[in-house]
Structures are given as structure tokens and as C-alpha cells.
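Down below is the structure, laid out as C-alpha cells.
The values are calculated or read from the model by the stated rules, or taken from the named source; none is laboratory data. Note that this is a predicted model, so its numbers are computed, not measured. Cβ: placed from backbone, ideal geometry, glycine included. Neighbour counts: every protein chain shown. In case anyone asks, the SASA skips ligands and DNA or RNA and just uses the protein heavy atoms, side chains included. Shrake-Rupley method; radii C 1.70, N 1.55, O 1.52, S 1.80 Å.
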Amino acid sequence: MASSFHCLLFCSLVLQIITTTPSLAKAASFRPKALVLPVTKDPSTLQYLTTFSQRTPLVPIKFTVDLGGKYLWVDCEQGYVSSTYKPARCNSAQCSLSNSKACTTECYSSPKPGCNNNTCSLSPDNTVTRTAMSGDLGQDIVSLQSTDGFTPGKVVSVNNFLFTCGATFLLDGLANGVKGMAGLGRAKIGLPSQFSSAFSFHRKFAICLSSSNSNGIVVFGDGPYSLLPGIDVSKSLIYTPLILNPVTTASAIFEGGPSTEYFINVKSIKINDKAVALNTALLKIDSGGYGGTKISTVNPYTVLETSIYNAVVDAFVKAVAKIPRVKAVAPFGACFDSKNIGSTRVGPAVPFIDLVLQSESVYWRVFGANSMVAVSDDVLCLGFVDGGERARTSIVIGGHQLEDNLLQFDLAASRLGFSSSLLFSRTTCANFNFTSTA
């Protein structure tokens, strides 16, 4: 009964979401196979940013990408003007889909985006600063490019796209010019689910973060994921189950329910094929939602619970005993003289680190390009950070370790596909062909 109810909600919303206005008739008649967004790295905050258009008239809006974020949230206090904005009324299908548990009844100004009575509310969450507040659920047009997996295609629009209004102070700690966060998490109103529902494509998306100043990509829908010089990365992915954390990991916990973030089952860590001695109980998610391994784009580097961090650093230092150490540079604990480290196709010539998954033969191998961080011309540091003794999540795989790795999240099958370093294939995440269109 529950699944039938959710299907009815999705089906009714799809009729509202697909664009039907005259100005968008062309986009409505064209059903894309997939959608693509460019992703850049902000050098100041190390956040990953994307831009797409919203509102009527359409305005390009910059967002911080939050891989496990619940949904799209936008600052509605400063300059949100749109003739197509609509609040989601309490007890509506939209509120049920969003899993809202609250209704706004105390807006004392004239109605405007972010301040409407009889409107269901959620908790927009700045996951960088771990700050959340209550905000209205609303709907408006969003517009972005389609793709065939090789090049960008026609611009398509989605009407009545659900998002949450946040206050301006929630932008504190986000990159300059950002107006909110784009949540790619498991929630039914996360970007992946809304786009797949609107255009009836697979409930999948892929993310490929660039290590350079060029664009990486997020692709909503299935592959191919073609990177110059004509390499379809979707054909060489390794797969592992996505694990559901039954306890929310959001800053505001009153909404309850499971976490919308993406967890995987790391069973051990190896350095140069030698297992690191650590407390494997920390690798499992306990009844309170603590432990386990998740993937994050808001953490610039991988964060390890203290005992795991110490074990990994000690094992790595022993494996590179012949390389002189230098004074540590925060936030890192192990740094080395780079003049004594060679170079390979996959980065600095240091021992590889394996995150061993469901079996000994399935592992995510981290090479020097992703394990080491150049903090100066002469110093390379192991790019892992101490997360404390009572870390909520034992291993948080951060942005630097994700760069130039393509990750495919299959929400329907609850499966992660990953490429390991694309540098082995002589390509990078910056090699999607944005220069021509289909």
C-alpha cells in the first residue's frame, strides 16, 4: 500500500512538473535521456559549485553541491523575484512527498517566497557549517542542459520543481556568490529523484569532480559518460552496494527518518596490500547511526575517526620510511619533502591505499594523486584529517579523494559504481566535451 501511495504521488506530480507553457513547449516535447551540470571547485573554500537557472524570468543561480543533501534550498530573503513561484500548501501531495512534518502559520508580512501561511516547512541545512533552520517548501521553474552522454544538448525546463527557502544567514561559510545548496541525496525531493520523475529516466546520477580549474560534471540519468578522447567510463565501473543509515545525519534531526547520505561498506583498509590494524567495529553503522563510511562533497578531504586516522598515518609513514618527513601543515598530520618523491601517471609515487569493500577482490584504490596534497612546491602531505574520537561517521571520503574518479549512484538498485582514478585511462573529469552541443 505504501509503495502504491508513493507512486500515485509521483505520477500526479509528474503531470505538474513536465513543462507545458507555450514558451517551453519545445522542451516539453523533447524528452531527454539525461541532464548535465558543470561543476567547478572554488579555490578559497574548496567547495564544489554548480550553476543552473531558476525562476521566471530565468536567472542563473550558483549553488554549493552537497552530495548527500536532502534537497535544493535557496536564499529567498535576498532578491528572490519570480512570477512562477508557488508555496506548497499544507497537507498537499507535495508536502507528503517531501515528508514535511510542520506547517507554517505565523508569517506576518505580505505573502512572498519564503513567507506564506498554510505552507508546509522543512529544515534547509548548511552542511558545511552544520547549521539548519525552518523554511517554507515552494515550487518554481528550473532549467538546465540535456545530454546524450557525449555533449550537451537542448536546454530543458522543469515546472513546479520543489525546493526549500532558506534565510540569508544560512549562506555563511559558503563560497562567494552562492545562493544555496543543491542536494543530491536519497530524499524523494532531492535533485536526482525529481529529475528522473520529471523526464522518466533511470533514477541514477553520476558525479565526476575535476582536480583542475576546468569543469567537472554531474549527469542525471544513465550513461554513457563519455570523456575525451572518446572514453566511455560507464563501461569500466566497479560496483558495491549502497548502505542505508537508518538514522538521520542531518543537522536538524526533528524530521527523523533515515539518512539521505550515501554510505558504503568498507570492511578494511590496506596500504601497499598490507592490512592496517584497526577497530573494525567502527566500520559498521550501530543502532544509533554512528560509524560506517560515507561519501561527501562538503568535506574537502577524507576525515577519519581518531583511532583509524592514527593507524592509517602510522602505517603510511612506515611504508614511506625512506622519504624524509617535514613539519606537519594543518589540517594534515603527516607531511614529506616532495623533492624525494617521484611522479607517476596517477600522481606522486607513494604507496596506494585500498578501501576493501564487500570482498577482498573488490576495493577502491586510492593513488598518489588522490592521497597526497601539495601544500607548497616542496611539501606533500597525506590528505587525511583527524575527525575526533567520537566521530558520527568513522570514515568520510572527501572531495580530494573523489577528484578524477567517476562515481555513479544508482538509487533504484542501491548501488555505487566507481572508476578509481581516471588518470590510468589517460583522461580526467575535466574532459567532458562542453565545447560542442548535440
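Describe numerically, in nm with one decimal, the distance between label points set 7 Å from Cα along Cα→Cβ at residue 78 and at residue 321.
Those two pseudo-labels are separated by 5.5 nm.
Under 37 °C and 0.692 mPa s, how fast does region 32-191 diffuse according to Stokes-Einstein, given a Kirkwood radius computed over C-alpha pairs? Answer in µm²/s, whole number.
Diffusion coefficient, whole number: 206 µm²/s.
log10 I(q)/I(0), Debye, Cα-only region 199-310, no solvent, q = 0.11, 0.14, 0.16 Å⁻¹?
Values, matching the q order: -0.53, -0.83, -1.04.
Quick one: check the C-alpha center-to-center distance for region 380-431 versus region 34-48, whole angstrom.
About 15 Å separates the Cα centre of region 380-431 from the one of region 34-48.
Counting only the backbone N, which residues of region 367-394 are under 18 Å from the spot 7 Å out from the Cα of residue 340 toward its beta-carbon?
Of the residues in region 367-394, 372-383 have backbone N under 18 Å from the label point off residue 340.
Does region 106-198 come out rounded, prolate or oblate, given a ≥ b ≥ c as the square roots of the eigenvalues of its C-alpha gyration tensor, rounded meaning a/c under 1.5 and, failing that, prolate meaning a/b above b/c?
Since a/c reaches 1.5 and a/b is larger than b/c, the shape of region 106-198 is classed as prolate.
Rounded to the nearest 20 debye, what is the charge dipole size of the chain about its Cα centre when +1 sits on each Lys and Arg Cβ and -1 on each Asp and Glu Cβ? Could the numbers behind the result be given before it?
Details: 35 positive and 28 negative charges, 135 e Å.
Using only the charged Cβ atoms, the result is roughly 640 debye.
Please pull out the direction-averaged projected area of the chain, using the convex hull of its alpha-carbon atoms, in nm² to one decimal place.
20.9 nm²
Determine the alpha carbon to alpha carbon distance for each of 41/86; 41/70; 112/154; 41/294; 41/284 and list only those over 27 Å.
41/86; 112/154; 41/284
Quick one: what does P(r) look like for region 381-438 with 10 Å bins over all Cα pairs, in whole %?
Taking all Cα pairs of region 381-438, the binned fractions are 17, 34, 35, 12, 3, 0 percent.
Work the Kirkwood hydrodynamic radius out for region 158-201: mean of 1/r over every pair of different alpha-carbon atoms, inverted, in Å.
Radius from the Kirkwood sum: 12.0 Å.
How large are Rg and Dmax for region 127-174 when only the alpha carbon atoms are used, in Å?
Values for region 127-174 (Cα only, Rg and Dmax): 15.3, 40 Å.
Any idea what diffusion coefficient region 318-420 gets from Stokes-Einstein, in µm²/s, Kirkwood Rh on alpha carbon pairs, 37 °C, 0.692 mPa s? Let's see the in-between values first.
Values: Rh = 15.3 Å.
Result for D is 215 µm²/s.
For 320, 81, give me the order by solvent-accessible area with a 1.4 Å probe, most accessible first, ignoring ligands, DNA and RNA. All intermediate terms of the calculation are to be shown ahead of the outcome.
Working: 320 10, 81 110 Å².
Descending accessible area places them as 81, 320.
With a 1.4 Å probe and all protein chains left in place, how much accessible area per residue does region 192-261 have, in Å²?
37 Å²
Of all the Cα-Cα pairs you can form in region 315-361, what percent are over 17 Å apart? Intermediate values should be presented prior to the final figure.
Values: 496 of 1081 pairs.
Percentage above 17 Å: 46.
Most mobile of 262, 108, 363 per a Gaussian network model of the chain (Cα springs, under 10 Å)?
Looking only at 262, 108, 363, the largest GNM fluctuation is found for 108.
Given q = 0.15, 0.19, 0.23 Å⁻¹, what are the Debye log10 I(q)/I(0) values for region 246-337, with equal point scatterers placed on the Cα positions and solvent ignored?
Reported log10 I(q)/I(0), two decimals: -0.72, -1.01, -1.26.
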